[in-house]
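Reading through the C-alpha cells given below for one structure.
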Amino acid sequence: MIIRKIVNGYQLEKIVDIPEAAKNMPVELIVRIPSNKRKKSKKGDEILNELSGVFGKYKNPNLIPSEEEAWKNTVREIYEKEQEENFKTN
C-alpha cells in the first residue's frame with residue numbers, strides 16, 4: 001500500500017531533515033507500507049534452475065543446426081531491407 005500526500009515542508013521537520021529552502025514549500029510525502037504477503041525474492045541462479053528445460057517439450061532437434069545462423073541471417077535481412085528502403089527514398 002502506498003499513501004501520497006502534499007504537505008508543507010515545515011510539517012516534516014520534526015521527523016526528517018528538510019533543507020531550509022523546502023521548509024516553506026509544499027512537498028510530496030510518500031509512505032510505503034510493506035505487505036507481509038510478499039515473498040522473498042529469488043536469486044537469478046535459482047530462477048534459472050527452476051526454468052531450465054521448461055520448454056523442452058517444444059524443441060525440434062531438426063531446427064537446432066539452423067538456429068546457429070538464425071541471428072546473423074535475420075540481422076543481414078533487416079540491414080539489406082533498410083538499405084533498399086534508403087536507396088528508394090534517395
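Label-to-label distance for residue 63 and residue 25 is 5.6 nm, based on points extended 7 Å past Cα in the beta-carbon direction. Length gained on full extension, residue 72 to residue 48: 6.0 nm, using 0.36 nm per residue less the C-alpha separation. Approximating the spin labels as points 7 Å out from Cα along Cα→Cβ, the residue 82-to-residue 4 distance works out to 3.7 nm.
Taking other residues whose beta carbon is less than 14 angstrom from the beta carbon of residue 7, and scoring Lys, Arg as +1 and Asp, Glu as -1, yields +2. Here's the picture: charge each Lys and Arg Cβ at +1 and each Asp and Glu Cβ at -1 in the chain, and of 89, 12, 74 the one pushed furthest to the positive end of that dipole is 12.
Values quoted throughout were computed directly from the atomic coordinates according to the rules given, and no laboratory measurement underlies them. Just so it is clear, the structure is predicted and the values come from calculations on it, not from any experiment. Positions of Cβ are generated from backbone atoms using ideal geometry, with glycine treated the same way; all protein chains shown enter the neighbour counts.
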